[in-house]
Amino acid sequence: PLVANLRNGLWYSPQCNQTCYFKSTDGHPGKWDLSPSRLNLHLLSTLSQHGAVIIADSSRGKEFPDSFSRTVPIWCATINNALFGPGEPLLLPSWISEAEKNAISEKLPHFVQVFKALVNCSQVPKQLLIPVFVSKLYPLTQSLESIRESIQLKFNQEKISIV
């Protein structure tokens, strides 16, 4: 399913199946956050049902908005760690520095704590969420099914959903 990130994504992709709200400011360097008011829990059932979603958004002057390069991966890692326990990796795009990745990773336990305080994890579909970044400069070079199979082998997980 095609999902529009509110504001720009909806403007660029009016035929979307549903919307989500990942805010770029939650991914600004040094200001990383998991917003309790933007947990996007409705996406989890869509991901469980379809195995993947494509989120449409845009940015001025960058290939990817901070909502994609940081906020969505933080969301995925938070939910993965809440469902599968600590140690699930933060999967950021290759252009994010190792120092920034480490700084965000240090905040993950707090994000997981916030998530678990707000959500009954036993009612969340148990699936490993993996962000994949696609654009004109970063085209998809293999099928989603092939990506899913590679990820299943790498992470030894049966249920994989691609965001």
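Read the figures in this text as sums done on the coordinates, not as results from a lab. All values reported here derive from a predicted model rather than from experimental measurement. We place every Cβ from the backbone using ideal geometry, glycine too, and count neighbours over all the protein chains shown.
Placing R0 at 41 angstrom, the Cβ-Cβ distance between Ser35 and Ser146 gives a FRET efficiency of 0.80 after rounding to 0.05. Among the GluC sites (Glu not before Pro) in region 2-105, those located in a DSSP loop and surrounded by at most 16 other Cβ atoms within 10 Å of their own Cβ are Glu63. Applying 0.36 nm per residue to the separation of Ile54 and Glu98 and subtracting their alpha-carbon distance, the gain on full extension is 13.2 nm. Normalising the average separation of contacting C-alpha pairs (under 8 angstrom, six or more residues apart) by the number of residues puts the relative contact order of the chain at 24 percent. Potential lengthening of the chain between Glu63 and Leu137 amounts to 25.9 nm, from the contour at 0.36 nm per residue minus the alpha-carbon distance. Pairs of Lys residues in the chain, spaced 8 or more positions apart or belonging to different chains, with C-alpha separations under 26 angstrom: 27 in total.
As a check on your grasp of the helix formula, calculate [θ] at 222 nm for the chain: sum -39500 (n - 2.57) over DSSP H runs of n ≥ 4, divide by the residue count, round to the nearest 500.
-11500 deg cm²/dmol
Annotation: amide H-H contacts under 5 Å for Leu128 (H modelled 1.01 Å from N, sequence separation of 5 or more, or interchain): Lys159, Ile160, Ser161. Highest mean packing first, where packing is the average number of other Cβ atoms within 10 Å per residue, the peptides 66-72, 135-141 line up as 66-72, 135-141. Using the Kyte-Doolittle scale, find the helices of the chain whose mean hydropathy is at least -0.5 and whose Cα atoms extend 27 Å or more along the helix's long axis, counting only whole DSSP H runs. For the chain, where a helix must reach 27 Å along its axis and average at least -0.5, the hits are 98-118.
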